[in-house]
Every structure is written in structure tokens, then in C-alpha cells.
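Trainee: I'd like to ask some things about the structure below.
The values are calculated or read from the model by the stated rules, or taken from the named source; none is laboratory data. Just so it is clear, the model here is predicted, and its values are computed rather than measured. As a convention, Cβ positions derive from the backbone with ideal geometry for all residues, glycine included, and neighbour counts pool all protein chains shown. With ligands, DNA and RNA removed, areas are computed over all heavy atoms of the protein, side chains included. Shrake-Rupley method; radii C 1.70, N 1.55, O 1.52, S 1.80 Å.
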Amino acid sequence: MRRDGQKKHYVLGFFLGLFTIIQLYPLIWLVLFSFKDNMEIFGGNVLGLPHRLLWQNYNQALFSGKVGLYFVNSCLVTGATILISGLLSAMASYAITRMKWKLSKITLTIFLLGLMLPIHAALLPLFVILRNMHLLNTYWALIIPYVAFAMPMAIFIFSGFLQLIPRELEESACLDGCNIYQIFFKIVFPLIKPAVATVSIFTYLSAWNELMFAVTFISKQEFRTLTVGIMSLAGQYTTEWGPIGAGLVVATLPTILVYSLMSDQVQKSLTAGALKG
Amino acid sequence: MDKFLADKKAICVFVLPAFLIFAVIVIAPIFFSSYYSTLRWDGFGNGAFIGLQNFVGLFTNTADGFPKSIINSFILAGLSVFVQLPLALFFALVLARGIKGEVFYRTVYFIPVILSTVVIGQLWMKIYHPSFGLLNIFLSTVGLKSLTHAWLGSTDTALFAAFIPSVWQYIGYHMLLMYASAKSVSDDIYEAAKIDGASEAAIARYITIPLIMPMIKICVIFAVIGSLKSFDLVYILTGGGPVHASEVPSTLMFNTIFFKYMYGYGSAMAVFIIAECLLFTVAIQKLLKAEDSL
């Protein structure tokens, strides 16, 4: 009986281990070849440890491949998206869930409808709108759509969270002479900080990794974000694996860093959208 | 207090900025797309109104590949539901039962979910590389050299080669959703089952799976809708080629609009994708609900 259980244990352990390798090994391989040159890769050492660490691949990717520039662009666009969409969504959610007006329900429904709409539907009309407003090839061409498409999920999470806050806090603040704006910014906003973290992570992941809009709305090199930049890098160094690998590693590092520092929070954020759905 | 909360001006200040951006960027384009889809239009000047001809064309001009792209997206949906979800469910059940290293496995399995699709796409291009890719090297090493292949370049294998990475990428996500759901099942139920002598398999079959059914349904919806919308990986890996072999509706839409400059025809595809997504969401919900009442 006991031996049987142990055998099962080993079989299970084998599957878990195998799947760990399947999920992780491609990434380890990526880091390894980011330090190699073509001589080494095509000369037979595709899989093994690099003979020596070729940091110049990183140098090449960051500066001649412009990954450094793309990185800064991604930070700007993603940062602005998180701040603007977070603030606007929190404000809207507050008015929708806590304030008294007739159209609040329907407004919420309209926002939540956005969760079901594929962004493809908006691609061409947005392209035309942005072209007419001469916003193509600016940071705004990405920030504005990212903000708009981040709002449904943010409002969904914020309004769920706001419903849990007791009314008494607002009431006592009101008695102390706060006006409605002070109540929101001084009392409510600090209280929903955990939700702000969840929403920010969610927005970060979708904006940092977005491809379709980034490819379509940005054609000038100086405004390219990492996703498009990496694609052009791959086109530029088609046969040189080292610099491409280095670029991929650089693009991935911030996300991995965020994840390793707060993996629980990240996992919670990405499940938050589904758990109530 | 009530006067405060019904302050019209404050409500406008709070809601309008978000609502205006949302209405212009997310809602209005649906109407624009619907309108464009009735035009023959190359993007410059005014288009000519042609009614529903574009939609008819989607299904009659088979050389354009639209029917094929829909079938492909269904294949991807099938792979997700029948390969990805069962695997995810298996790992979720195992991990939720508190195995040694639970947190480690959960964290590692989830990593591909957070990576950029561009990174994953480029990485898998290298994995599929005919001479130096992991896959062919692995096959040669284990003595299956005859199976090595130009995976993305051949019409026989491009479809599955382009779909495997997306199955791989999101297993962790579905696993986490089902895991979180299984974790919320009360321990008392498990204890009672254990005392009654139920095996782990029986506990999973008769207790955990029925209890987390709502989450499994959500996963099915996510997997199907995600497959219908898929774009990034196919666009990066094959661009839909060779000869539409791995085409999905969104890659075809993208190429039709931005490379063939057929704005109206491409918009018809966009409208079809929206309608398809909404229809499937409702249909799956209805279907799964009907199953409940049996």
C-alpha cells in the first residue's frame, strides 16, 4: 500500500518536473544563446553553455539595434497608460458605485461591454481617426488607445472593490467638512490601493506586450516600442542569433523582475478578471 | 451627505473624461467598422457604397482564404479546449492538493503567461529553426532525424507549428484559474471523502471537478474566444502563410487592410470577428447552462 503510494508519487513528480522543463528550458536556452556568436552557434554549440560571455551582443542590441531607445519608449507609453487609465477609471468607478444618479447602472454596463469586444474591431477606424488628427507616429497614438482599452477591466476591478468599503468613512469625512473631491482623493483613493496595484499590473502586462496597435500606429523608429522594435531588430539581424537573443532578454527582464518581486500579486491580478466573471 | 453624492457637477467631473475617451476609442469604432464594411474603399478619397457585397465576397472568393482562416481558428479553439485545458486541469488538481513544491511549480508554470508574445514568437522561431533549432536537434539526438522538418515553412506543419506556442503560453493561465478555484473548496469536504476511503482520483472526479465547474466553464469561454481573436503569435511566426496554411481571421484582416489596401473588405472581416466573438460567448454560456440543468 505504502510502496504503491510512493510509486505514484514518483510518477507525479516526473510529470511535474517534465512540465517544469518544458516551460522553463526555452527561456534558459534564450539566455544562453544571447551570449554566443554565430561561429559558436553554427559551429555546433547550439545547446551548451557559452564558451565565454559575449556582452557585446547586449551592447550591439542596446545601441546599434536601438533596443535601449525602444525600451525607454515602452516605459514612457506604459507608464503614462497606467497613470492615466488608473486615475480615470478610479474616478469613474467611484461615481458609478458610490454616487447617486439615474444612469449609473447603464454607464457601468457600457464600460463592461468593452471586456467582450476584440480590439481588432477598432483597428482600422482608430487608424483613420489618428491619421486625421495627425497623431500617428506620436506617443499619444498608443497611449490614448491603451488607456481606453484598459478602462473596462480597471473599472470592473475597482467597482468590485469599492462596493466593499463601508459608507461610514465617507460620512464622517463629510461631517468633518470634506468636499466630494477631498473625500475621493484623501479618503477613498488611499483605501483602494490594493486594487490600484492589481489594476496597474494588469494594465502593465497588456500595454507592455501589445503588438497590433503598436505595429500599425507607429512606423517611425524613434517612437517604436519594444514589441515592434524587437520585430525590426529580428529583421535587421536575421541570421545573427546573439544580438536578437540579447534584445529578447532585455525586453523580458523588467517583466521577470516585477514577477519575481511580487509573483503572488501578479497571479492575483490576472485571476481577478476571471474570478467574478 | 446625500446632497454631496448627487452633485451633478462632481459626477460629470468623475465620469466624463473616462466615458468620452471610451466612447470615441472603443465604442464608436464598431459603428465605423460596420459602415466601412459596406464600402469598396482603398483608404483614400471616398469609398463607394456596395451594400453587403464584401460579406458575400468573404465566403465566395475562397482564394482569399477567409473560410480557411475561420476553420483554422476553430482548430486552434479545439486544441485549446481539448489539449490545453485538460493539461491545465490536471496540473491544477495536482497542485491544489498540496504537493511538495506547490508554490514553486505554480510560479514556474505561470511564467510564459507574463512574457511578451513577441519574445515568445521570436524564441519559437529559433526553436523551429530547420538546422539549429531545439526541436530538430532534439529529434536528431533521439534518433528521429527522419522527422526533422522546416516546421514553419511547410504547408503541412505551419498551422500546428504556429499554434503550439499559444497553447504552451496559456496553459499556466488556465491552470492558475482552476487552481485558485480548487483551493477555495473547503477542506472539510476533502477530509470527509478521505475518511470514507476515496482515492485521489475519485476525489478529483466526484468532488473537485464538479465544484470548480463554473471556473472550468469560464476557461472554456476564454480559450474559445481567445482562439477566435488570436493574432500576435501567428503574425510573428508565419504571417498566416505559407499560402494561407496558418491563416487566422485577424492576420488576414490585417494583411487585407494594410498590405492590399482593401479597407472595406478588411472591415467586413473585422465585423465578422466581432459578431463571431459575441455569438460564441452567448452560445457557450447557453450551452454550458443547459448542461447544468440535466
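Trainee: Give the residue, chosen from B:VAL248, B:VAL224, B:VAL185, that is more than 21 Å from A:ILE119 (Cα to Cα) and β-branched (Val, Ile, Thr).
Mentor: B:VAL185
Trainee: What are the residues in region A:258-272 that are under 13 Å from the mean Cα position of the chain (by Cα) and without any contact (Cβ under 8 Å) to a residue 24 or more places away in the chain, if any? Spell out the reasoning first.
Mentor: Restricting attention to region A:258-272, the residues satisfying the condition of being under 13 Å from the mean Cα position of the chain (by Cα) are A:258-259, A:266-267, A:269-270.
Result: A:TYR259, A:GLN267.
Trainee: On to the next question. Assuming A:VAL46 fulfils every condition listed in (1) open to solvent by 30 Å² or more (accessible area, probe 1.4 Å); (2) without any contact (Cβ under 8 Å) to a residue 24 or more places away in the chain apart from one, which condition is it?
Mentor: Result: A:VAL46 passes all but (1).
Trainee: Continuing with the same structure: From the list A:TRP101, A:TRP140, pick out the single residue that is surrounded by fewer than 20 Cβ atoms within 10 Å (Cβ to Cβ) and at the interface with another protein chain (Cβ under 10 Å from one of its Cβ atoms).
Mentor: So the residue among A:TRP101, A:TRP140 that is surrounded by fewer than 20 Cβ atoms within 10 Å (Cβ to Cβ) and at the interface with another protein chain (Cβ under 10 Å from one of its Cβ atoms) is A:TRP101.
Trainee: Here's another thing I want to ask about it. Could you please let me know if A:ALA274 is within 23 Å of B:SER230 (Cβ to Cβ), in a helix (DSSP H, G or I) and among the small types (Gly, Ala, Ser)?
Mentor: Spelling it out, A:ALA274 is indeed within 23 Å of B:SER230 (Cβ to Cβ), in a helix (DSSP H, G or I) and among the small types (Gly, Ala, Ser).
Trainee: If you don't mind, another one. For B:SER154, only one of the following conditions fails: (1) open to solvent by less than 40 Å² (accessible area, probe 1.4 Å); (2) within 13 Å of chain A (Cβ to nearest Cβ). What is its number?
Mentor: Among (1) open to solvent by less than 40 Å² (accessible area, probe 1.4 Å); (2) within 13 Å of chain A (Cβ to nearest Cβ), B:SER154 violates only (2).
Trainee: Suppose we keep only residues that are small (Gly, Ala, Ser) and either touching a Cys at 6+ places or on another chain (Cβ under 7 Å) or farther than 20 Å from A:HIS120 by Cα (or both) within region A:175-225. Which one would you say is surrounded by the fewest Cβ atoms within 10 Å (Cβ to Cβ)?
Mentor: Only one residue fits best here, namely A:GLY177.
Trainee: With the condition kept exactly as written, say whether any residue in region A:198-206 is touching a helix residue (DSSP H, G or I) at 6+ places or on another chain (Cβ under 8 Å), within 30 Å of A:TRP140 (Cβ to Cβ), free of Cβ contacts under 8 Å to residues at least 12 places away in the same chain and within 13 Å of chain B (Cβ to nearest Cβ).
Mentor: Scanning region A:198-206 turns up no residue that is touching a helix residue (DSSP H, G or I) at 6+ places or on another chain (Cβ under 8 Å), within 30 Å of A:TRP140 (Cβ to Cβ), free of Cβ contacts under 8 Å to residues at least 12 places away in the same chain and within 13 Å of chain B (Cβ to nearest Cβ).
Trainee: Which of (1) within 29 Å of B:LYS183 (Cβ to Cβ); (2) over 14 Å from the mean Cα position of the chain (by Cα); (3) more than 8 Å from every other protein chain (Cβ to nearest Cβ); (4) among the hydrophobic types (A, V, I, L, M, F, W, C) does A:LEU233 not meet, given it meets every other one?
Mentor: (1)
Trainee: Which residue pairs have Cβ atoms closer than 7 Å, lie 6 or more positions apart in sequence or on different chains, and pair a first residue in region B:14-32 that is within 22 Å of A:PHE185 (Cβ to Cβ) with a second residue that is of a type in the set (S, T, N, Q)?
Mentor: These pairs meet every condition: B:VAL15/A:THR107; B:ALA18/A:SER89; B:PHE19/A:THR107.
Trainee: OK, next. Output the helices (runs of 4 or more DSSP H) that fall wholly within region B:1-84 and possess 3 or more residues being over 30 Å from A:GLY86 (Cβ atoms), touching a helix residue (DSSP H, G or I) at 6+ places or on another chain (Cβ under 9 Å) and open to solvent by less than 60 Å² (accessible area, probe 1.4 Å), or say none. Spell out the reasoning first.
Mentor: Numbers: elements: B:2-5, B:8-22, B:28-36, B:53-60, B:66-79.
Result: B:53-60, B:66-79.
Trainee: A further question follows. Which residues, taken from region B:98-150, are more than 10 Å from chain A (Cβ to nearest Cβ), surrounded by fewer than 21 Cβ atoms within 10 Å (Cβ to Cβ) and in contact (Cβ under 8 Å) with a residue 12 or more places away in the chain?
Mentor: Of everything in region B:98-150, those that are more than 10 Å from chain A (Cβ to nearest Cβ), surrounded by fewer than 21 Cβ atoms within 10 Å (Cβ to Cβ) and in contact (Cβ under 8 Å) with a residue 12 or more places away in the chain turn out to be B:PRO130, B:LEU135, B:THR148, B:HIS149, B:ALA150.
Trainee: A follow-up question, please. So, in region A:143-174, of the ones that are farther than 25 Å from A:LEU205 by Cβ and open to solvent by less than 60 Å² (accessible area, probe 1.4 Å), which residue ends up nearest to the chain's Cα centre (by Cα)?
Mentor: Ranking the candidates gives A:ILE165 first.
Trainee: Same structure again: Just for region A:19-78: of the residues that are aromatic (Phe, Trp, Tyr) and at pLDDT 90 or above, which one is nearest to B:GLU102 (Cα to Cα)?
Mentor: Looking at residues that are aromatic (Phe, Trp, Tyr) and at pLDDT 90 or above, I get A:PHE19.
Trainee: Now for a different question. Does A:GLY68 qualify as being in contact with a helix residue (DSSP H, G or I) (Cβ under 9 Å, 6 or more places away or on another chain), over 29 Å from B:SER131 (Cβ atoms) and assigned to a helix (DSSP H, G or I)? Spell out how you get there, then give the answer.
Mentor: Values: in contact with a helix residue (DSSP H, G or I) (Cβ under 9 Å, 6 or more places away or on another chain): yes; over 29 Å from B:SER131 (Cβ atoms): yes; assigned to a helix (DSSP H, G or I): yes.
When the stated conditions are applied, A:GLY68 passes them.
Trainee: For a quick check of your reading of the model, give me the residue pairs whose first member lies in region A:235-255 and is more than 14 Å from B:ILE120 (Cβ to Cβ), whose second is open to solvent by 10 Å² or more (accessible area, probe 1.4 Å) and among the charged types (D, E, K, R), with beta-carbon atoms closer than 9 Å and at least 6 apart or on different chains.
Mentor: Partner pairs satisfying both residue conditions: A:GLU240/A:ASP37; A:TRP241/A:ASP37; A:TRP241/B:LYS126; A:GLY242/A:ASP37; A:GLY242/A:GLU40.
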